[in-house]
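Visitor: Before we start, here is the structure in question, set down as structure tokens.
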Amino acid sequence: MTGTSPLHRRDGTTAAVTRDVVDYVVERMAMSPPPLDAPRTPAELAAATGTMITPDGLGHERAFALFRDVLAPACISSDHPRYLSFVPTAPSKAATLFDLVVSASSIYGDWWVEGAGAIYAENVTLRWLADLAGFPDGAGGVFVSGGTSGNLAALTTARETWRRTHGRGQRLAVACASSAHSSIRLSAMVIDVETVVVPGDARGRLTGDALRATCAAAAADGITVFAVVATGGATNTGVVDDLAGAADVAAELGAWLHVDAAYGGAAMASSVGRPLFAGIERANSFVVDPHKWLFSPFDCAAVLYREPRLAGAALTQHAEYLETLDATGEWNPSDFAIHMTRRVRGLPLWFSVAAHGTRAYDEAVTRGLELARAAARAIDAAPHLELLMEPELSVVLFRRLGWAADEYQRWSDAALADGTAFVVPTVYDGETVFRFCFVNPTTTEADIEAILAAMA
Ligand SMILES: Cc1ncc(COP(=O)(O)O)c(C=O)c1O
């Protein structure tokens, strides 16, 4: 029997929407490259769209046209091969298409009883990530919306674990280098602990010796470091902390070691990049974002725990209406982060890795490392540019000789406006400089040459 809701009725409109959506997706995915596009102001968008939410609706054709012709072009395509700002994205075709399947399947990803098949596939994929890091059998975790959310879940687990054995009342702190991502300081603020900053080495890396000295100084001031955060690929520089040194000191302190590999952890899938991560196998938890460099669409981050039961003890929600779930002892992903209802956002990654195989991932991630080295050599050869440090992962920092901060920004704005590239300046050691971040295997050496030439 057909229901009465116009939202759910299956009729000619459903077929037309299906056609529009499929046509759009096929066309967008065939674009090579997609349009770079650029933002517009709220006033410009209001003028271009008119009123969009009305009692009678605009009709699907008009609403879809607004997205296609006005709203989408006001969003920068982060999968454009010349989008080299922040951390770009480059979802595989398989992962992108499978995201549509996830939406159509209405799978509730919180509890095994409802999402068993999908959660099983997510867990197999998490196991692949755990194996890349060398985590033991029994490790596990969950796909969350982003590295920020994963870092918060891991640090909350660390603090709760500490409290269970040491009680309350101490001045607790997280230790990390100043190059740690801003989400670490935010997480510390949310869980109401302090942050002690470890001076980095010449490349800004956290090292075991500096960590040991900083924690000793903090202890002398009455501050207890309960968690160490090492970064597996600093966002601004791509530099990987001394993970083995951090693991030594964390063990000495009895502290939790969390590795924030949200951006760089993908390099563990590359046979070239893996050696940089020596020591991660001794961490208590780590985060890696497949929506950054493992070719998943937004939003997909993985948080993995050596002992997931500690996360479960810290983060499981208890309520009368959930008691039947708690009683079963099954693997419920909602227990391992700060969330309840969740999309099975790990499935696009599962599908893509299952379909293509891990060798294809090795090659695609290694390409990002190669592009960074190619850019470094091209910068060395350009008289108007100067490389700031040899790239470790896929970030390249360089100076445009003779330019002040406003000239960097003016160039960046113009390059976006004329469709050359999306490259924004960053600040390194107090100086405004340029930064490339490569994750997109479709970027070419010719793209790099063209961008660098445009800076002349
Ligand atoms: C090292 C690191 N940690 C955490 C994050 C935050 O990740 P998300 O934006 O997915 O929350 C980023 C983002 O670039 C990052 O590079």
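The values are calculated or read from the model by the stated rules, or taken from the named source; none is laboratory data. Values in this document were obtained by computation on a predicted structure and should not be read as measured data. Here Cβ is always computed from backbone atoms with ideal geometry, including for glycine, and neighbour counts include all displayed protein chains.
Visitor: Could you tell me whether any residue of the stretch 166-184 is over 16 Å from the mean Cα position of the chain (by Cα), in a helix (DSSP H, G or I) and within 16 Å of the ligand (Cβ to nearest atom)? Outline the logic, then answer.
Guide: We begin by selecting, within the stretch 166-184, every residue over 16 Å from the mean Cα position of the chain (by Cα); these are 166-179.
Subsequent filtering for residues that are in a helix (DSSP H, G or I) retains 166.
Adding the requirement that they be within 16 Å of the ligand (Cβ to nearest atom) leaves none.
No - not one qualifying residue is present in the stretch 166-184.
Residues checked against (1) within 13 Å of the ligand (Cβ to nearest atom); (2) under 11 Å from the mean Cα position of the chain (by Cα); (3) free of Cβ contacts under 8 Å to residues at least 40 places away in the same chain; (4) assigned to a loop (DSSP other than H, G, I, E, B):
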| position | (1), (2), (3), (4) |
| --- | --- |
| Ala262 | yes, yes, no, yes |
| Met268 | no, no, no, no |
| Pro275 | no, no, yes, no |
| Val287 | yes, yes, no, no |
| His291 | yes, yes, no, no |
| Ser296 | yes, yes, no, yes |
| His318 | no, no, yes, yes |
| Leu322 | no, no, yes, no |
| Arg342 | no, no, no, yes |
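Visitor: Here are some residues: Asp37, Asp69. Which one is among the acidic types (Asp, Glu), more than 16 Å from the ligand (Cβ to nearest atom) and surrounded by 14 or more Cβ atoms within 10 Å (Cβ to Cβ)? Don't jump to the end; show me each part of the working.
Guide: Numbers: Asp69 fails: surrounded by 14 or more Cβ atoms within 10 Å (Cβ to Cβ).
Within the list Asp37, Asp69, the selection yields Asp37.
Visitor: Another question, if that's okay. Give me a count of the residues in the stretch 411-429 that are without any contact (Cβ under 8 Å) to a residue 12 or more places away in the chain and part of a helix (DSSP H, G or I).
Guide: Number of matching residues: 2.
Visitor: Residue by residue through the stretch 40-51, note down the ones that are loosely packed, with under 15 Cβ neighbours inside 10 Å and assigned to a loop (DSSP other than H, G, I, E, B).
Guide: Passing the criteria: Thr41, Gly50, Thr51.
Visitor: Another one. So is Val303 assigned to a loop (DSSP other than H, G, I, E, B) and surrounded by 14 or more Cβ atoms within 10 Å (Cβ to Cβ) or not?
Guide: No; evaluated as a whole, the condition is false for this residue.
Per-residue answers, yes or no, for (1) at positive phi; (2) buried (at least 20 other Cβ atoms within 10 Å of the Cβ); (3) touching a Cys at 6+ places or on another chain (Cβ under 6 Å); (4) modelled with pLDDT under 95:
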| position | (1), (2), (3), (4) |
| --- | --- |
| Tyr120 | no, no, no, no |
| Asp131 | no, no, no, no |
| Gly138 | yes, no, no, no |
| Val144 | no, yes, no, no |
| Gly147 | no, yes, no, no |
| Ala153 | no, yes, no, no |
| Leu172 | no, yes, no, no |
| Ser178 | no, no, no, no |
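Visitor: What tally of residues in the stretch 377-410 results from selecting those that are closer than 25 Å to Ser77 by Cα, among the aromatic types (Phe, Trp, Tyr) and over 27 Å from the mean Cα position of the chain (by Cα)?
Guide: Selection size over the stretch 377-410: 0.
Visitor: Quick one: in the stretch 242-260, which of the residues that are within 14 Å of the ligand (Cβ to nearest atom) and of a type outside the set (Val, Ile, Thr) is farthest from Phe438 (Cα to Cα)?
Guide: Selected residue: His258.
Visitor: Restricting the stretch 198-234 to residues that are closer than 17 Å to Val395 by Cβ, of a type in the set (Gly, Ala, Ser) and surrounded by fewer than 23 Cβ atoms within 10 Å (Cβ to Cβ), which is nearest to the ligand (Cβ to nearest atom)?
Guide: Out of the qualifying residues, it is Gly204.
Visitor: Can you name every residue in the stretch 271-304 that is touching a strand residue (DSSP E or B) at 6+ places or on another chain (Cβ under 6 Å) and aliphatic (A, V, I, L, M)?
Guide: Leu276, Ile280, Ala283, Val287, Val288, Ala301, Ala302, Val303, Leu304 - these are the residues of the stretch 271-304 that are touching a strand residue (DSSP E or B) at 6+ places or on another chain (Cβ under 6 Å) and aliphatic (A, V, I, L, M).
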